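Here's the structure we're looking at; comments come further down.
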Amino acid sequence: VGERFVSAPGKAILHGEHAVVHGKVALAVSLNLRTYLRLQGTASGQICIHLPNIDTFRAWDVAALQPLVSDRKGGTSLVERLRAFAGVAEGSTDSGNMAVLAFLYLYLSGFAGEELTLINKWAFQGEKIIHGNPSGVDNAVATWGGILRYHAGKITPLSRVPLLRILLTNTKVPRSTKLLVSGVKDKINKFPSIMVPVLESVDAVSRTCELTLREMATAGASAQQYDTLEELMDINQHHLSVMGVGHPALDTLCRLTLAHGLHSKLTGAGGGGCGITLLRPGNTTHPHHTPVLHTSSVRSAGISEHTSLSL
Ligand code: PMV
C-alpha cells in the first residue's frame, strides 16, 4: 500500500434533529468543511491511518485487517469487526466515522471504485456503535453530500433549492449525542401526550421549510419567504429547548444574533455543539469586527456559503 487519501463532508441539520430519530422528516446539508484521512503502508507490514482534523493516528498490522475481507458485504459479524476501527472516530464528527469506513471499503476493494450504498451502510453501523440509536441522517448526508430530505430511512436529494447562506457557530461546549438522544427518548416516554405533538410539530416545520425552499427556487426568493424561514428557525429552536437539548450558550447565540436581526437555532444533537444562523442576501460578515474563524463556500447545492464564528 502506498499513500492514499479519503475525505468526507461535515453536515448541518436545517430542521428535524432528534425528531428524525422518531420517524419524522429532517432536512440536512453537507458543508465543505471536510474530514481528511491519510492511509500509508509501511515497510514493516503495518497500515497507518491519520485523521489530521481530529488529531488521530492509528496503526495496525495488515494481517489484522484480513478478517474484514471475508465479510465485505456487511452484517452483524461485520459490526463486531468494525468496533475496533470505529473507535478511531469516537468523539469526533460523523464525517470522521465516514472517512474511516470509506477508507476500509476502498482498501478492501483494492481501490477499484466506490460503492456509496455500501459505504453508507457501514457508516450507519459505525454510528450505531458510537451513538447507540442513530436515525441515519448523518451518515447519509456525509455519504451523498448535497442537501437532502431524510424520512424513516428514505433519502431524497433536493436538487431544486435556492442558494442560502448560513453562519455556523461553534459554542465549543462538548456534549454527547448518545446521552442527548436517550434523554429525548426518556422525555417522550414520560410525557407522551406532551412530547408526541412536539415531534409532530417539528415534522411540520421540516415539511414547511422544504415547501418554502422549493417555492423560492421556482419563483425566486422574496423577503416574505425569508421571514418564513426565520420564523421556522425560531419555532424549531423552541421545540428543541422543550425536548431538553438546549444550552445557555445556544440561548446566547440566539440572543446575540437576534440583536442584529438574525435568527438562529441549534444544529445536530444540541446541548452545546453548533448553531446555525440564517443570513439574508444583503447580510455581510465583518471579519475584522467579529471573531470569524473560517469562511468558504459549500461544495453542493443548497447553502452557498457558511461562516464559522467562535463565541
Ligand atoms: O450529534 P450530531 O451533530 O451528529 O447530530 C445528531 C442528530 C440527531 O438527530 C440528534 C441524532 C440522529 O441520529 O439523527
- Note on the structure: Subtracting the Cα-Cα distance of N189 and Q46 from 0.36 nm times their residue separation yields 46.6 nm
- Query: Quick one: length gained pulling D251 to N283 fully straight, 0.36 nm per residue minus the C-alpha distance?
  - Reply: 9.4 nm
- Item | Long-range amide H partners of L158 with built H, under 5 Å | I147, L148, R149
- Could you calculate the FRET efficiency of R4 with K128 from 1/(1 + (r/R0)^6), where r is the beta carbon distance between them and R0 is 30 Å, rounded to 0.05? 0.70
- Query: How fast does the stretch 131-242 diffuse by Stokes-Einstein, in µm²/s, taking the Kirkwood radius from C-alpha pairs at 10 °C and 1.306 mPa s?
  - Reply: 98 µm²/s
- Query: Among K11/K190; K11/K128; K11/K187; K154/K265, which pairs are too far apart, with a Cα-Cα distance over 20 Å?
  - Reply: K11/K190; K11/K187; K154/K265
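Each reported figure results from applying straightforward, stated rules to the coordinates on display, with no laboratory input. Predicted model, so just to flag it, every value in this text is computed and none were measured. Positions of Cβ are generated from backbone atoms using ideal geometry, with glycine treated the same way; all protein chains shown enter the neighbour counts.
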